[in-house]
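Since the structure comes first, as structure tokens, the remarks are kept for the end.
Only the coordinates and a few stated rules stand behind these numbers; no lab work does. In this text the structure is predicted, and so the values were computed from the model without any measurement. Virtual Cβ from ideal backbone geometry, glycine too; neighbours counted across all protein chains shown.
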């Protein structure tokens with residue numbers, strides 16, 4: 001039986017270097033999240049991000065060319081995690097209606113548990129347009145949002161809903177709107193919690209279907 005080749009020192013060194021690069025990149029993104037939440041994109045700077053990450057600005061540039069690119073990475077990571085969470089929740093449900101409802105509920109639950117990520121995403125659209133990002137980054141983020149919408153729309157279509165896109169879009173709008181009201185404290189004017197309002201929308205949307213997870 002042939003002996004298994006032991007890994008070369010060079011291979012191990014490259015693996016460790018790659019892992020270290022990923023750790024540093026992740027640390028920069030986490031530090032940038034805090035800076036963006038405190039200062040917004042316009043007032044944030046590479047210097048403040050470097051200070052938060054306990055490194056020099058020069059140590060950031062091998063990973064990101066500017067704060068806009070870091071901001072794009074923050075949102076990209078958030079949308080990836082959101083989509084993974086929704087897929088997991090859809091897969092765990094047993095019937096098509098239950099999967100569709102689980103997907104929309106997962107969208108709401110994800111941002112309810114992570115209000116800072118919702119705030120960062122909404123900041124992108126201040127002034128009714130992309131704020132501070134390059135066209136390339138904006139296109140990439142729009143593609144992720146389109147994939148997310150397609151995922152939810154497909155689940156609604158398989159559930160037999162008459163207008164899947166309307167239900168998916170309405171669910172997203174309901175989730176974001178009620179969570180914004182909750183975050184700003186204005187939900188008390190409605191006299192109900194954001195969860196009550198979200199579930200009322202889902203109950204109405206799935207009326208007549210066996211959608212209970």
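At full extension, residue 69 and residue 114 could sit 14.0 nm farther apart than now, given 0.36 nm per residue minus the alpha carbon distance. Segment residue 42..residue 54, full-extension length gain: 2.2 nm, with 0.36 nm per residue of separation and the alpha-carbon distance subtracted.
Could you tell me which of rounded, prolate or oblate describes the range 130-197, using a ≥ b ≥ c as the square roots of the eigenvalues of the alpha-carbon gyration tensor, with rounded for a/c under 1.5 and, failing that, prolate when a/b is larger than b/c and oblate otherwise?
Oblate.
If you take the square roots of the eigenvalues of the alpha-carbon gyration tensor of the range 67-213 and sort them as a ≥ b ≥ c, do you get rounded (a/c under 1.5), prolate (a/b over b/c) or oblate? Before the final figure, lay out each step's value.
Values: a/c = 2.09, a/b = 1.37, b/c = 1.52.
Judged from the Cα gyration tensor, the range 67-213 comes out oblate (a/c at least 1.5, b/c at or above a/b).
With the simple spin-label model, which puts each label point 7 Å out from Cα in the Cβ direction, the residue 76 to residue 154 separation comes to 2.2 nm.
Fully extending the segment from residue 209 to residue 25 would add 61.7 nm, taking 0.36 nm per residue of separation and subtracting the current Cα-Cα distance.
Of the peptides 37-43, 93-99, 50-56, 68-74, the ranking by mean beta-carbon count within 10 Å, highest at the top, reads 68-74, 93-99, 50-56, 37-43.
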